[in-house]
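**Q** Below is a structure I'd like to ask you about.
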Amino acid sequence: MSLRLIFMGTPDFAVPTLLELVAHGHEIACVYTRAPKPAGRGMKLQPTPVEQEARRLGISVLTPTTLKTPDALDAFRAHNADAAVVVAYGMILPQAILDAPPLGCFNLHGSLLPRWRGAAPINRAIMAGDAESGVMVMKMDVGLDTGDVAMAERLTISDTMTAADLHDALAPLGADLMVRAMGGLERGGLQLRKQSEQGVTYAAKIEKAEARIDWSRPAREVLRHIHGLSPFPGAWCEAALDGEAARIKILRCEPAKGAGAPGDVLDEQLTIACGDGAIRILELQRAGKAPMKAPDFLRGTPLKPPARLG
């Protein structure tokens with residue numbers, strides 16, 4: 001037996017779940033995703049990663065701008081799905097949509113709920129210095145990630161992990177978890193539990209104003225801030241290069257020995273003083289250029305004491 005499912009998702013993070021559901025024999029009645037957006041040098045309309053994969057698989061795709069109209073509800077119900085699977089879809093599902101599938105709507109969320117409800121759980125977990133993250137499958141309600149939880153998987157966050165690294169580790173873990181959850185739902189054995197009312201935090205959308213590096217913070221906080229925003233939007237600072245202030249995004253770093261005034265360049269290997277301790281830059285990107293490893297950057301742009309990053 002298999003379930004007839006509506007799949008709702010948008011970015012790369014959602015693609016492994018779609019593929020695993022198909023691979024395990026579930027019937028995907030339709031894929032809902034966000035509408036294509038202009039991208040690239042020619043600003044051509046670019047379909048979402050989920051739409052690209054769905055079309056490759058021959059699955060019909062819908063890109064409604066709202067789910068709140070009677071027509072949208074009728075179209076949703078017309079798929080006669082047993083349940084809906086939602087992974088980083090990016091639109092609010094109204095109560096009528098949540099109530100439409102007889103078995104409910106199930107969301108894959110990239111945090112250990114109730115910690116980091118909301119838009120940017122992967123970034124926020126790293127930036128906050130969390131020791132672990134994970135994925136959870138929950139049955140959706142109208143609240144912001146407040147539904148009852150069915151299953152969870154945990155993953156250690158190391159100080160070497162960037163947001164991209166954690167994203168890439170959680171996506172397949174979540175795909176496997178959702179497949180197991182749908183298997184339990186199909187057999188009638190999926191157990192749900194209410195989320196704790198303790199430890200609730202909210203993962204607000206990342207704002208550009210947060211991206212500037214504050215070198216006065218302790219080294220580990222600076223490192224986690226950099227890694228939590230890598231590769232996008234990218235934590236940045238300014239350096240005097242070629243006689244003018246240039247913006248540099250720092251994409252990866254490591255703890256280092258050294259001390260100095262916050263922002264001081266301490267040696268010729270891009271060791272930078274923080275408020276307490278220091279970090280060494282491993283990968284960075286000048287505005288308008290490709291990311292590069294620190295040794296490659298230093299070959300073309302010497303940055304050494306007494307330089308300072310601001």
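**Q** Can you send over the solvent-accessible area of TYR32, 1.4 Å probe, protein chains only, in Å² to the nearest 10?
**A** Accessible area, nearest 10 Å²: 0 Å².
**Q** Taking H as built 1.01 Å from N, whose amide H comes closer than 5 Å to the amide H of VAL86, not counting residues under 5 places away?
**A** MET8, PHE106, ASN107, LEU108
**Q** Let me know the Kirkwood hydrodynamic radius for the stretch 63-154, please, with Cα pairs as the basis and the value in Å to one decimal.
**A** Hydrodynamic radius (Kirkwood, Cα pairs) of the stretch 63-154 is 14.1 Å.
**Q** How much length, in nm to one decimal, is gained on full extension between THR65 and ALA245, taken as 0.36 nm per residue of separation minus their Cα-Cα distance?
**A** 60.6 nm
**Q** Please give, to one decimal in nm, the separation of the simple spin-label points placed at GLU153 and LEU192, each 7 Å out from Cα toward the Cβ.
**A** 2.3 nm
**Q** Roughly speaking, to the nearest percent, how much of the stretch 160-216's 1.4 Å accessible area is carbon and sulfur?
**A** Carbon and sulfur: 51 percent of the exposed surface of the stretch 160-216.
**Q** Antiparallel versus total DSSP beta bridges in the stretch 48-162: what percent is that, nearest 5?
**A** 75 percent
**Q** Determine how many Å³ per residue the convex hull of the Cα atoms of the stretch 73-220 encloses.
**A** 123 Å³
**Q** What ³J(HN,Hα) values, in whole Hz, does the Karplus curve 6.51 cos²θ - 1.76 cosθ + 1.60 give for the stretch 298-309 when θ = phi - 60°, with x put for Gly and Pro?
**A** Result, ordered by residue: 5, 5, x, 9, x, 9, 9, x, x, 4, 9, 9 Hz.
**Q** Right, something else. Using a 1.4 Å probe on the protein heavy atoms, what percent of the accessible area of the stretch 1-144 belongs to carbon and sulfur?
**A** Roughly 54 percent of what the probe reaches on the stretch 1-144 is carbon or sulfur.
**Q** Expressed in nm to one decimal, what extension gain is obtained for the pair ARG41 and LEU57 from 0.36 nm per residue of sequence separation less their Cα-Cα distance?
**A** 3.0 nm
**Q** Let me ask something additional. Which order do the peptides 116-128, 172-184 come out in when sorted by mean C-beta neighbours inside 10 angstrom, highest first?
**A** Answer by packing, highest mean first, reads 116-128, 172-184.
**Q** Could you go through the stretch 212-228 in sequence order and give the Karplus-derived ³J(HN,Hα) for each residue, using 6.51 cos²θ - 1.76 cosθ + 1.60 with θ = phi - 60°, rounded to whole Hz, and x for Gly and Pro?
**A** 6, 6, 9, 5, 6, 7, x, 4, 5, 5, 4, 4, 5, 5, 4, 5, x
**Q** Can I ask one more? What whole-number value in Å² describes the accessible area per residue of the stretch 46-140 for a 1.4 Å probe?
**A** With the other protein chains kept in place, the stretch 46-140 gives 40 Å² per residue.
**Q** Please give the per residue accessible area of the stretch 149-284, computed with a probe of 1.4 Å over protein heavy atoms only, in Å².
**A** I get 49 Å² per residue for this part.
**Q** Under the rule of at least 5 residues apart or a separate chain, name every residue whose amide H is placed under 5 Å from the amide H of LEU62.
**A** Distant-sequence amide H within range of LEU62: VAL31, TYR32, THR33.
**Q** Residues of the stretch 82-125 with amide nitrogen under 20 Å from the 7 Å Cα-to-Cβ point of VAL200?
**A** 92-95, 107-122, 124-125, by backbone N distance to the label point.
**Q** Moving to a separate point now. Spelling out what I want: for every residue of the stretch 198-210, take phi, set θ = phi - 60°, compute 6.51 cos²θ - 1.76 cosθ + 1.60 (Karplus), and round to whole Hz; glycine and proline get x.
**A** Ordered by residue, 3J(HN,Hα) equals 9, x, 6, 9, 10, 8, 4, 4, 5, 9, 4, 5, 7 Hz.
**Q** Need one number: % antiparallel among DSSP beta bridges in the chain, to the nearest 5.
**A** Just about 65 percent of them are antiparallel.
**Q** Which shape class, rounded, prolate or oblate, goes with the stretch 1-115 when its Cα gyration tensor gives a ≥ b ≥ c as root eigenvalues, a/c under 1.5 marks rounded, and past that a/b bigger than b/c marks prolate?
**A** It comes out rounded by the Cα gyration axes.
The values are calculated or read from the model by the stated rules, or taken from the named source; none is laboratory data. Quantities reported herein were computed from a predicted structural model and do not represent experimental measurements. Note that we place each Cβ from the backbone using ideal geometry, even for glycine, and neighbour counts take in every protein chain shown. Quick note on the areas: whole protein, heavy atoms, side chains included, nothing else; ligands and nucleic acids left out. Shrake-Rupley method; radii C 1.70, N 1.55, O 1.52, S 1.80 Å.
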